[in-house]
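I have placed the structure first, in the form of structure tokens, so that the comments after it can refer back to it.
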4 protein chains.
Amino acid sequence: MSEQFEQLERPVVKELDDILGKPFHVLNDGFIRVIDYMGNDSSIVQAARVSYGRGTKKRHQDRGLIRYLMRHDHTTPFEMCEIKLHVRVPMDAWRQWIRHRTANVNEYSTRYSVAIDATQTTEPQAWRLQGTINVQGSEGVLDKEKGKELTRKERELHDLSRRIYNERIELGVAREQARKDLPLCTYTEAYWKIDLHNLLRFLRLRMDEHAQYEIRSYAKIIGEEIVSRWVPLTWEAFTDYRLKGQYLSFHDKEIIKALIAGDKEKAVQLAEQFGFIKYKEGKLTMNIERLELEDKLKELGLNAPWHE
Amino acid sequence: MSEQFEQLERPVVKELDDILGKPFHVLNDGFIRVIDYMGNDSSIVQAARVSYGRGTKKRHQDRGLIRYLMRHDHTTPFEMCEIKLHVRVPMDAWRQWIRHRTANVNEYSTRYSVAIDATQTTEPQAWRLQGTINVQGSEGVLDKEKGKELTRKERELHDLSRRIYNERIELGVAREQARKDLPLCTYTEAYWKIDLHNLLRFLRLRMDEHAQYEIRSYAKIIGEEIVSRWVPLTWEAFTDYRLKGQYLSFHDKEIIKALIAGDKEKAVQLAEQFGFIKYKEGKLTMNIERLELEDKLKELGLNAPWHE
Amino acid sequence: MSEQFEQLERPVVKELDDILGKPFHVLNDGFIRVIDYMGNDSSIVQAARVSYGRGTKKRHQDRGLIRYLMRHDHTTPFEMCEIKLHVRVPMDAWRQWIRHRTANVNEYSTRYSVAIDATQTTEPQAWRLQGTINVQGSEGVLDKEKGKELTRKERELHDLSRRIYNERIELGVAREQARKDLPLCTYTEAYWKIDLHNLLRFLRLRMDEHAQYEIRSYAKIIGEEIVSRWVPLTWEAFTDYRLKGQYLSFHDKEIIKALIAGDKEKAVQLAEQFGFIKYKEGKLTMNIERLELEDKLKELGLNAPWHE
Amino acid sequence: MSEQFEQLERPVVKELDDILGKPFHVLNDGFIRVIDYMGNDSSIVQAARVSYGRGTKKRHQDRGLIRYLMRHDHTTPFEMCEIKLHVRVPMDAWRQWIRHRTANVNEYSTRYSVAIDATQTTEPQAWRLQGTINVQGSEGVLDKEKGKELTRKERELHDLSRRIYNERIELGVAREQARKDLPLCTYTEAYWKIDLHNLLRFLRLRMDEHAQYEIRSYAKIIGEEIVSRWVPLTWEAFTDYRLKGQYLSFHDKEIIKALIAGDKEKAVQLAEQFGFIKYKEGKLTMNIERLELEDKLKELGLNAPWHE
């Protein structure tokens, strides 16, 4: 083995070093802090080039290679970067967060220690209404007068819960049991460590407009304030291909093709054949896949011919 | 390839088929139901024998082979069995449960649906006291008179939380937000699917006496009622080697060896050298590792010489 | 809890039971056998409905729900199905196979047992030529006369390797060391168990035309012969959305939109701005992302305006 | 939230920085290089203390806390450290290596690039003999004269394989196919990134005397040269508790207890009852669990009473 290896230094990202440990505030009392990181955009390129071998080293420029990897779901090189965050999050949002299994976690233990004395509170104008199309989400807000009343009662409930918790602790009840009636919105803290590939999956799901407001607030900051500083080329590719991209199914493609060819009749016929269009008592029935396709058509400047 | 393969049938465990779908009740309103399973003790043996190859097929009997695998942490054959449970658990216990990442999970969504109207309630004599040696656990219970008062207030808090939740729902607040102040002990439900190896790891941690009472109650039933029926040979080996086994560190072994040789002086000297024994103002200071060793000595019928 | 639970039976898939244990032959001496499975299309629906709660049970029909889950990457319900295969594969293809980490594996051990006496052999007309555009793949085949010669030498090398292996074994050399010079194409066997979600990821990557011929041969059989029988609704959705679908990046969409609007000039301008089009000495330089876009345009019946 | 957070710097381990990029040579042509790392002993403590909460911060000293975590299998804080290695390994050893699924990997691709022209070669005195008790391992070596002959033939086979590979490449055969007959001992390279907890699991299995010589050679260097420099407190605890520790089953303990109490008769009786002792035609039959117990007895200075 004639190869010569030089002494290395750890890759440094100055933009991230500058904010190391600094809290980004989220919600009324949450935060995200970057504690440590491993690697940068170049580490992704370096790992990808091991796969491609030394011979092809110069063929790609870094940016082009990172975009290629992103486009083609060649995910392993992105796993070569790692980040560690310290977060403070309402337990209710943490319940969703922790579902991402490919991460390392140390959470504040309310068995060892007294529960953090902070809850997520809601401003009078911030009570969101139940979604009607997106049945799991929310749309619009409650009128402020009613909101005021809800906010007042929220505070009373928080106060009562805490008094009861404190009373139990003072009576000597085990912390692991005393906590049982704390509200779900009580803050917890955790160290959370994850590789870049899995972090991007987290962001794709949790920055999505269908994600719940609370976790979306965290995801946006992780993406826009942290990942964008850490690996700017990757962030750019992720934005182009994942956040702003669009998936077309075989059915979508067939209908779009017919529309591009100017054949509206065929497009409608295909939509019927694919089950997107059904009529009940002369009226078009609701079909989620068709509604989604209509959004995709709009994005491409096409009209849904069944509405004409 | 001259090998002949016969038509197969799926392995069946009659003892488990008999209870499929039947709820085992846990806590005041929880349950565990077996929904489905894959494999049995023979499947473990079958998988292990692929590793050992056909030539050595007769060398081990099934029971001996399973015990060998368990003893030597040859874990992959145990991954060849899989089980699916339907569970109803207080969210607070579910928070611990879900930390076992190597499982498949579908949880009841309180974004889609109204939260389950049930909470874990506490009997007056069931308020546990904070542990003093085991600082994360509990020891003994609160006296019943004080307990009565706590139970009364617990009920009031549950009622108030639910009234507030219902009021929000009626005003049209999004379910994802309305739930934010439900108590941690509100029940949730989930389908939980896991392979046998990872299930045994779950059981080892959660059947342990240091595990919290609530999750231990679930773990005990999974182990004693379900796994014992499903894979009796594996359950027996697990009990012998994991639940009732004991780990000795290098330090433990050296001290035990000295005691067996009858050399108490050396044992004490080693304990000092290993940092197990320290004196402060003439008194032995508290040292967790030494306390743990003392328990191990007791199990072997030996006395800790530093107490003589 | 007033809920009544009935006795359950394990879901059965007759089409799969019929072929349980039966080998599907692959390559010259490989096979795939289904050993066991858990769940079916209904199990996916069942798990998804736990998430959606009982209240919304009737809203979706099974097929519609499965398609919705597939389209929106709601992957956890697909994890509720599990399958176990027995496979015989050349080690070289197995090296790629095993990179899918989310599976349970027991492989034939050539430390315990004598290595399987079978290798992947190549017919004279089956020597594939190095790809030129797809630099990691192959295109076309070598002429048969040259192929004959390569096939002859392949056989000689296999024979020699085996003779040397056998000689070592007879001299008493440890099996773990004797095997060191076996060719990469020596067959190995394994039990391989994986959940449906991760199996579909495997299939998407390994059924792709860029996947190597050998592993693609296995993937096609798993998909078309096994998954299609096991979970037909899922297989249909997977085919529509994953195998025959198409991803559009933000850049792709902008250019397509301009073309649909009939504004070729703008489309070219955007392509330049996005870096898809560069000229060197008056000639369009090679750009992979542009070539990929051209394929997408073709699929939609659009022409690349920069070629006009 | 009144808490003040200070600007952080990334933890540095000077001893590791000093060797960053420097190859440790392994076998005839392999190496291990540290490329990057995240965290150190203090990061483990920091993460553990999030769990314990701020209130108990001073209770443990770092070393004591790390030992406690190791002893009690509190593994998550060790996951907070991460290391990235660049390794060159014979594919045959890599096959074992890659079975550790919880790692990130980018391997040199012999589809993209010409295969590395290096194989693991064997010195005449280094041909190991098949194990008899440890049927998967090796014991002793072949006599040197016979070894010379094997070494000569090994070289011939390596040369022939390479000539055939090169001939295929020159004829234009796809690299993905040309490689099919390379010997298993051909070197590959990879970037391998893993967290400390999973690395320790790797080391426990692969530093074990039952592990194959080749991978053990790599594991020893990772442990003794790299982990020992990186996280010295963790390495010390790992050595005491994992490498030099011993596990006693319930059965082991019962027999040892009887022996310590001086009751040999009972010990023998228990051994019979547990199935450790069986006689066939007046002779003690071979029983692996008993042989293992005998080793444990020896370590504690006890004699197996059934041999007296």
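Where a number appears in this text, it was derived from the coordinates with a stated rule and is not lab data. Keep in mind that this is a model prediction, so the values were computed, not measured. Glycine also receives a Cβ, built like all others from the backbone with ideal geometry; neighbour counts cover every protein chain displayed.
Table for the structure above
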{"quantity": "Shielding score for C:278-289, defined as the mean number of other chain Cβ atoms within 10 Å", "calculated": "1"}
{"quantity": "Three-way shape label, segment D:150-307, alpha-carbon gyration tensor, a/c 1.5", "calculated": "oblate"}
{"quantity": "Distant-in-sequence amide H partners of C:TYR187 (H built 1.01 Å from N, under 5 Å)", "calculated": "C:MET91, C:ALA118, C:THR119, C:GLN120"}
{"quantity": "Ratio of the Cα radius of gyration of segment B:74-117 to 2.2 N^0.38 Å, where N counts its residues", "calculated": "1.49"}
{"quantity": "Phi-based couplings in Hz for segment C:221-230 (Karplus 6.51, -1.76, 1.60; Gly and Pro marked x)", "calculated": "5, 4, x, 7, 9, 9, 4, 4, 7, 6"}
{"quantity": "Amide proton proximity set for A:LEU300, modelled H, under 5 Å, gap of 5+", "calculated": "none"}
{"quantity": "Cα gyration tensor shape of segment C:124-181, rounded if a/c is under 1.5, else prolate or oblate by comparing a/b with b/c", "calculated": "oblate"}
{"quantity": "Convex hull of the protein assembly as shown built on C-alpha atoms - directionally averaged projected area, nm²", "calculated": "53.1"}
{"quantity": "Cα gyration tensor, chain C - rounded (a/c under 1.5), prolate or oblate", "calculated": "oblate"}
{"quantity": "Within 10 Å of each Cβ in B:111-124, the average number of Cβ atoms from other chains", "calculated": "4"}
{"quantity": "Rounded to the nearest 20 debye, dipole of segment A:250-307 from Cβ charges on Lys, Arg, Asp, Glu", "calculated": "100"}
{"quantity": "Given A:LYS22/A:LYS193; B:LYS14/C:LYS193; A:LYS193/B:LYS253, the pairs whose alpha carbons are separated by over 27 Å", "calculated": "A:LYS193/B:LYS253"}
{"quantity": "Gyration tensor over alpha-carbon atoms, segment D:74-170, equivalent ellipsoid semi-axes in Å", "calculated": "32, 25, 10"}
{"quantity": "Within segment B:243-281: backbone nitrogen closer than 12 Å to the B:GLU308 label point (7 Å, Cα to C-beta)", "calculated": "B:259-268"}
{"quantity": "Relative contact order for chain D, counting Cα pairs under 8 Å that sit 6 or more residues apart, in percent", "calculated": "20"}
{"quantity": "Per-residue average of Cβ from other chains inside 10 Å of B:6-15", "calculated": "4"}
{"quantity": "Identity and axial distance of the chain C residue whose Cβ lies nearest the axis relating C to D, Å", "calculated": "C:ARG101, 2"}
{"quantity": "Förster radius 41 Å - calculated FRET efficiency between D:LYS220 and D:ASP73 (Cβ-Cβ, nearest 0.05)", "calculated": "0.95"}
{"quantity": "Expected 222 nm ellipticity per residue - DSSP helices of 4 or more, -39500 (n - 2.57), all of chain B, to 500", "calculated": "-12000 deg cm²/dmol"}
{"quantity": "Protection-proxy order for peptides A:75-88, B:9-22, B:226-239, each taking the mean of Cβ atoms within 10 Å per residue, highest first", "calculated": "A:75-88, B:226-239, B:9-22"}
{"quantity": "Derived scalar couplings ³J(HN,Hα) [segment B:181-195; Karplus, 6.51 cos²θ - 1.76 cosθ + 1.60; whole Hz; x for Gly, Pro]", "calculated": "10, 4, x, 3, 8, 5, 6, 10, 10, 7, 8, 10, 10, 7, 7"}
{"quantity": "Phi to ³J(HN,Hα) by Karplus 6.51 cos²θ - 1.76 cosθ + 1.60 over segment A:294-308, Hz, x for Gly, Pro", "calculated": "4, 4, 5, 4, 4, 4, 9, x, 10, 9, 6, x, 6, 9, 8"}
{"quantity": "Label spacing, shortest first and in nm, from B:GLU265 to its equivalents in the remaining copies (7 angstrom along Cα→Cβ)", "calculated": "3.5, 10.4, 11.0"}
{"quantity": "For A:VAL141, distant residues with modelled amide H under 5 Å away", "calculated": "A:LEU129"}
{"quantity": "For B:LEU8, label point 7 Å along C-beta direction: distances to other copies, nm", "calculated": "2.2, 4.3, 4.8"}
{"quantity": "For D:THR75, inter-copy label distances in nm, listed shortest first [label point 7 Å out on the Cα-Cβ vector]", "calculated": "0.4, 2.2, 2.2"}
{"quantity": "Inter-part distance where segment D:267-293 and segment D:211-238 are each reduced to a Cα centre, Å", "calculated": "36"}
{"quantity": "Hydrodynamic radius of segment D:250-307 per Kirkwood, over alpha carbon pairs, in Å", "calculated": "11.4"}
